[in-house]
């Protein structure tokens with residue numbers, strides 16, 4: 001009977017077989033030193049499965065444990081095969097584990113995850129100095145976190161009743177390791193730079209930044225960066241694939257839901273700009289991963305935008321060139337936007353206010369403002385120049401008393417500049433617009449970047465409320481030079497003209513604060529120097545024919561059209577179209593030709609090293 005029952009079709013159920021191990025169980029078994037690893041493809045798939053489970057678990061202790069497990073598996077795979085992408089994934093996962101532990105309230109585990117990440121970053125770079133740098137930043141962040149916890153009102157209230165919490169064991173280990181590695185501590189200027197970076201790391205904890213969003217950086221290229229909701233934080237290196245990230249301060253949660261309104265893009269073979277337009281301000285985190293040839297994955301940058309939805313936005317958009325595609329997907333805490341890149345490019349991510357948008361620039365050229373400073377003698381390399389005729393299309397710009405439109409004047413001057421540069425200076429020229437069309441302000445510098453221009457000149461006509469002001473004026477962006485009220489008003493007008501937002505000088509100040517992080521290297525210095533050359537050139541060109549021309553000088557303000565340009569960039573206000581006399585001159589071919597000559601002569605002087 002038992003035999004028949006066992007073999008029959010309907011005589012009962014077969015005894016349950018052994019349960020297949022979960023991905024987590026299989027991963028833990030493979031971490032044993034004596035355990036042989038399966039094929040690379042199978043091990044990578046297993047690590048990815050655990051990482052996905054960690055993502056589903058969110059910023060919880062469980063999610064952190066899974067992230068650490070996936071990181072450990074990737075580390076073991078890296079030590080066996082020495083495939084760099086495994087190392088990059090491990091850094092990413094250690095960082096995610098630290099953030100999740102911090103959010104879940106386990107500061108000690110967060111410190112340990114950061115410590116493991118720091119040690120592995122040095123191993124991956126093959127440089128003990130990298131280990132020292134990373135551990136130093138961990139010590140500064142964690143010491144600040146302990147200080148903030150001890151200084152909190154709840155901690156103060158309980159101090160009389162409870163013994164002081166024991167000092168962090170992880171922090172003790174980090175500080176002892178630093179003491180043993182003192183031989184690798186940098187000196188001189190490098191030490192001062194590291195101390196400044198440590199100060200910024202402290203401020204990300206002591207300021208308004210949530211503990212769940214630590215700023216994690218790495219000297220190794222392509223390491224992920226999480227941008228906190230603190231005042232602008234800049235993280236920059238000269239290595240391809242390094243991130244420079246500026247994230248906004250958002251003191252309160254948005255009053256309503258945040259939606260991605262549109263994603264604009266402009267790309268070429270040498271670079272691209274992506275602009276994510278949102279209906280309100282929010283915070284975001286940035287991560288990056290290198291290409292993985294084994295799995296067929298491109299290099300990519302991703303942004304996790306807190307609290308944002310993307311209904312109505314295409315899930316995938318093909319672009320081409322340096323930026324292959326853009327992908328959008330929902331997450332528990334918001335929306336992830338992924339940029340698939342043709343290679344590990346230089347990256348710069350920042351936000352702009354009113355309307356709030358996130359800008360991602362990728363390029364084959366470093367955005368660190370490399371090039372001869374204004375004090376260095378000798379000629380400068382100027383092979384390509386981008387000329388930007390202001391306004392266009394439905395955006396007429398300022399309009400004079402007789403109806404002369406700024407958009408027509410700027411285009412005419414640009415059309416006069418381009419052929420002279422090509423003929424006399426053998427300089428290749430790009431016009432950001434070549435006819436009467438509207439080009440968003442954000443896309444103008446993007447076109448210059450993609451063109452790999454060596455200089456960027458945005459041509460405009462000035463205007464005043466009373467119509468009395470006259471003369472020539474040139475602007476650069478330089479947060480180190482305070483913008484006066486008149487400069488702020490000009491920038492507010494130019495920034496507002498194409499978007500219909502209120503002319504608010506406070507916004508100009510906010511843009512200038514953002515630019516203090518973007519204008520790295522000597523880029524601001526070279527822009528200001530070029531602005532001075534252009535102003536003097538304009539006066540020299542005009543004075544013989546128009547001796548009463550007024551010099552309005554060189555000033556600084558936050559112009560959207562110049563934001564993100566990775567070359568010296570200036571905004572040239574040719575004359576006040578609101579003034580009847582200046583308008584009459586702007587209407588003549590002679591005056592416009594002299595303005596074009598001024599631009600050409602300034603470019604020549606800059607190239608010659610003046």
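What follows is calculated from the coordinates using simple rules that are stated; it is not laboratory data. Everything numeric here is computed off the predicted structure, so don't read it as measured data. We place every Cβ from the backbone using ideal geometry, glycine too, and count neighbours over all the protein chains shown.
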Burial ranking of peptide ranges 292-299, 111-118 (average Cβ count within 10 Å, highest at the top): 111-118, 292-299
Per-residue Cβ neighbour rank within 10 angstrom, fewest leading, 410, 588, 574, 283: 588, 283, 410, 574
Residue 317 versus residue 295: modelled label distance in nm, points set 7 Å from Cα along the beta carbon direction: 2.6 nm
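Please give the contour-minus-distance gain from residue 199 to residue 539: 0.36 nm per residue of separation, less the Cα-Cα distance, rounded to one decimal in nm.
Extra length available between residue 199 and residue 539 comes to 117.9 nm.
When 413, 420 are ordered from fewest to most other Cβ atoms inside 10 Å of their Cβ, what list results?
Working: 413 28, 420 19.
Least to most surrounded, the residues fall as 420, 413.
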Backbone N under 14 Å from the residue 431 label point (7 Å along Cα→Cβ), restricted to the range 559-601: 596
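When 407, 610, 426 are ordered from fewest to most other Cβ atoms inside 10 Å of their Cβ, what list results? List each step's numbers first, then the result.
Numbers: 407 24, 610 14, 426 8.
Ascending number of Cβ neighbours within 10 Å: 426, 610, 407.
Could you give the length gained by full extension between residue 588 and residue 37, i.e. 0.36 nm per residue of separation minus their alpha carbon distance, to one decimal place?
Result: 190.6 nm gained on full extension.
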Pair residue 184, residue 424: separation of 7 Å Cα→Cβ label points (nm): 5.7 nm
